[in-house]
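Quick notes on the structure that follows.
The values are calculated or read from the model by the stated rules, or taken from the named source; none is laboratory data. Quick caveat: nothing in here was measured; it's all calculated off a predicted structure. Cβ placement follows ideal geometry from the backbone for every residue including glycine, while neighbour counts extend to all protein chains displayed.
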Ligand code: IPE
Ligand code: MG
C-alpha cells in the first residue's frame with residue numbers, strides 16, 4: 001500500500017495524514033474484493049524494514065493499526081471476513097497484539113474473503129524462519145531432510161494455509177517487489193499503477209483486474 005507519504009506531501013499535509021487516508025482506501029478495496037468474490041486479499045501494512053522510519057511515524061502507525069482494528073472488527077465480522085496477520089508479531093505493542101489475537105480468533109470460522117495483513121513482515125525473514133524450522137525438525141529426527149520438497153517448505157511459511165496470489169498490485173509507480181511474499185509471488189501477474197495508495201478506488205481496482213484478465217498465464221508451459 002505504497003504512496004501514503006507522497007499523497008500527503010502533495011497536499012501539504014503531514015505524512016501521517018496519508019496513512020489515515022490509506023486506511024479508507026483499504027476499507028474500500030477490501031469491500032470491493034469481497035463483492036467481486038475474490039478469495040483472498042493480502043496487503044503489506046508494515047515491513048521488517050519500516051522500523052527504521054522516525055519513531056514518531058512508527059508510533060503513529062502502531063496506534064493507527066490498533067484504532068482501526070478496534071473500530072472495524074464488528075464490520076469485518078458482519079462481512080464474514082476471515083482476518084489473519086502474517087509476520088513476526090512478537091515485537092508489536094501488547095495492546096495491538098491482544099487486538100490481533102481477538103480479531104483472528106473471532107473471525108476464524110468466517111467463510112467470506114480471507115484478509116491477510118502483513119505486519120512486521122519480510123519475505124527474506126520468512127524464508128530464513130522456514131529454513132530454521134525445517135533444520136530444527138531434522139535435527140530432532142522428526143523430518144527426513146531428503147523429503148523436503150516445495151510443499152514441505154511452503155508449509156513452514158506464514159502463508160501455510162493460503163493459495164499463492166494470482167495478482168500483485170503495486171501502487172505509486174514503484175517497480176520492485178520490496179521483500180514482499182518472495183516465495184508466493186513466483187507466478188503472480190504484476191500490475192503497476194501510478195495511483196498513490198490513498199487514491200486507490202473502484203476504478204483503479206477495475207483497471208488492475210482488466211489488466212490481469214488480459215494476461216495469458218502459462219506457468220512455465222507453452
Ligand atoms: C506506505 O506508504 C505505508 C506504509 C509503509 C505503512 P509510504 O509511507 O511508504 O508512502 P511514500 O512511499 O512515502 O509515499
Ligand atoms: Mg513508500
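A count restricted to region 150-176 and to residues that are out of contact with any helix residue (DSSP H, G or I) (no Cβ under 8 Å at 6 or more places or on another chain), over 17 Å from residue 121 (Cα atoms) and within 16 Å of ligand 2 (Cβ to nearest atom) stands at 3.
Table: residues versus (1) in a loop (DSSP other than H, G, I, E, B); (2) surrounded by 14 or more Cβ atoms within 10 Å (Cβ to Cβ); (3) within 16 Å of ligand 1 (Cβ to nearest atom).
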site	(1), (2), (3)
132	no, no, no
136	no, no, no
153	no, yes, no
156	yes, yes, no
160	yes, no, no
169	no, yes, yes
176	yes, no, yes
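Only a single item in (1) surrounded by fewer than 16 Cβ atoms within 10 Å (Cβ to Cβ); (2) at positive phi; (3) in contact (Cβ under 8 Å) with a residue 12 or more places away in the chain is not met by residue 120, and it is number (1).
How many residues does region 9-22 hold that are more than 8 Å from ligand 1 (Cβ to nearest atom) and touching a helix residue (DSSP H, G or I) at 6+ places or on another chain (Cβ under 7 Å)? If you could, list the steps in order and put the result at the bottom.
So the first thing to find is which residues in region 9-22 are more than 8 Å from ligand 1 (Cβ to nearest atom), and the list is 10-14, 16-17, 20-21.
With touching a helix residue (DSSP H, G or I) at 6+ places or on another chain (Cβ under 7 Å) added as a condition, the list becomes 14, 16-17, 20-21.
Count: 5.
Number of residues in region 189-208 that are in a helix (DSSP H, G or I) and buried (at least 16 other Cβ atoms within 10 Å of the Cβ): the value is 6. Considering only region 41-61, I want to know if a residue exists there that is in contact (Cβ under 8 Å) with a residue 40 or more places away in the chain, closer than 20 Å to residue 100 by Cα, buried (at least 18 other Cβ atoms within 10 Å of the Cβ) and away from ligand 1 (no atom under 13 Å from the Cβ). Within region 41-61, one or more residues are in contact (Cβ under 8 Å) with a residue 40 or more places away in the chain, closer than 20 Å to residue 100 by Cα, buried (at least 18 other Cβ atoms within 10 Å of the Cβ) and away from ligand 1 (no atom under 13 Å from the Cβ).
Kindly indicate whether residue 101 is more than 16 Å from ligand 1 (Cβ to nearest atom), surrounded by 18 or more Cβ atoms within 10 Å (Cβ to Cβ) and either in a loop (DSSP other than H, G, I, E, B) or modelled with pLDDT of 95 or more (or both). So residue 101 fails the test.
Kindly indicate whether residue 180 is surrounded by 14 or more Cβ atoms within 10 Å (Cβ to Cβ), within 16 Å of ligand 2 (Cβ to nearest atom) and either at pLDDT below 95 or in a loop (DSSP other than H, G, I, E, B) (or both). So residue 180 passes the test.
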